[in-house]
Amino acid sequence: TNIAKLLDGKALATKIQQELSATITRLQPHIGRPPGLAVLMVGDNPASAAYVRGKERACAKIGMASFGKHFPTQTTQAELEEVIHHLNQDERVDGILVQLPLPNHLDAISLLHQIDPDKDADGLHPVNLGKLVRGEPGLRSCTPAGVMRLLQEYEISLRSKQAVVVGRSILVGKPLALMLLEADATVTIAHSRSQNLAAITKNADILIAAVGRPELITAQMVKPGAVVVDVGINRVTDDSDNSRLVGDVQFESVANVAEFLTPVPGGVGPMTVAMLLQNTVDSYSQRLKTKE
Ligand code: NAP
């Protein structure tokens, strides 16, 4: 049997962070301050809190200032808009991100629209999404950018390949499909209303699962020799009440058919954080250009 090679997002993310750290050391004397990232979190969703801690740790590690702000669940839309407005003006801040999901009484979309597109570290502002659609440079959303960077690192060519993205969220599936298209793949997007999913995925040279359904993609749905990227992060509990993380891909079986496969955890997850830092450093180095 063929055992797939792992696409090691954890190792690549570490390498990217070292490079970013060196870039910061080089630019800081010219800009006169470190880059700054502001992470806004509302309420106490434990998964969100863990993600935010991870992002703040990563900032500290590479010499980036973090302006984390944690708000109580009952914070109002107007209060958050005010905070975003201040961060937009704050010279020390290069990136702003709102940790999703937000409590139900808040309108996340409208908040994302308030962020200065040049400080939109998550690449979710409509201006940046529009630039992606047009193929113009701009801040790209972190998870899809992380997937693209991972494929590039392993020199996986996309040109003229059949790529299938399962999932069409604005966070992952839709922007990723556009990025694959930009790289000259022939792209199919599947979703919950697609018929005969297995027949679609079986055509994929590059198969991306961004669904949020534990182990939906099984070996029978994968073309032998395909590159399989698992974006899903699902917490499942087994019969003895032990909880663990699994992806949208059934790792054990798919590893016997795919040529390349991402692990969960340690695949796309760490790449998302690396791209967040990368976007912030990119905005930071723009400051130097506007100074010159
Ligand atoms: P989402 O907003 O819930 O979108 C899920 C997508 O999957 C939707 O487009 C949905 O179709 C489609 N779908 C649902 N069930 C399906 C099925 N049975 N067959 C085919 N398509 C189906 O989720 P998301 O934000 O894109 O996230 C997807 C997964 O990635 C989650 O597990 C999430 O935790 C994970 N994630 C990981 C990272 C990371 O850093 N690694 C970042 C973000 C998200 P419809 O549009 O028709 O409803």
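Our compactness index for the stretch 1-157, the C-alpha radius of gyration over the empirical 2.2 N^0.38 Å, is 1.14. Averaged over residues, the count of other Cβ atoms within 10 Å places the peptides 186-197, 83-94, 203-214 in the sequence 203-214, 83-94, 186-197, highest first.
Across the stretch 152-292, how large is the tail of the calculated P(r) beyond 24 Å, expressed as a percent of all Cα pairs? That tail contains 35 percent of the Cα-Cα pairs.
Neighbours of N45, meaning other residues whose beta-carbon lies under 14 angstrom from its beta-carbon, give a summed charge of +1 when Lys and Arg score +1 and Asp and Glu score -1. Could you work out how far helix 46-62 tilts from the main Cα principal axis of the chain, as a 0 to 90 degree angle to the nearest 10? The answer is roughly 70 degrees. Within the stretch 184-292, DSSP assigns beta bridges of which about 35% are antiparallel (rounded to the nearest 5). Within the stretch 1-52, the percentage of alpha carbon pairs spaced more than 18 angstrom apart rounds to 63%. Please quote Rg/Rh for the stretch 70-109 to two decimal places, taking the Kirkwood radius as Rh and restricting both calculations to Cα atoms. My calculation puts Rg/Rh at 0.97.
Of the beta bridges in the chain, as assigned by DSSP with both residues counted there, near 10 percent are antiparallel. Exposure proxy for L100, L139: other Cβ atoms within 10 Å of each Cβ, ordered fewest to most, give L100, L139. Compared with the dominant principal axis of the Cα atoms in the chain, helix 9-31 is inclined by about 20°. Comparing T75, T201, T262 in a Gaussian network model of the chain (Cα springs below 10 Å), the most mobile by mean-square fluctuation is T75. Helix 268-291 and the long axis of the chain differ in direction by around 40°, with both axes built from C-alpha atoms. With the largest listed first and rounded to whole Å, the semi-axes of the equivalent ellipsoid of the chain from the Cα gyration tensor are 33, 22, 18. Electrostatic bookkeeping for N203 treats Lys and Arg as +1 and Asp and Glu as -1; over the other residues with beta carbon under 13 Å from its beta carbon, the sum is +2.
Read-outs throughout are calculated quantities, based only on the coordinates presented, and are distinct from any laboratory measurement. Since the model is a prediction, treat every value here as computed from it, not as a measurement. Cβ: placed from backbone, ideal geometry, glycine included. Neighbour counts: every protein chain shown.
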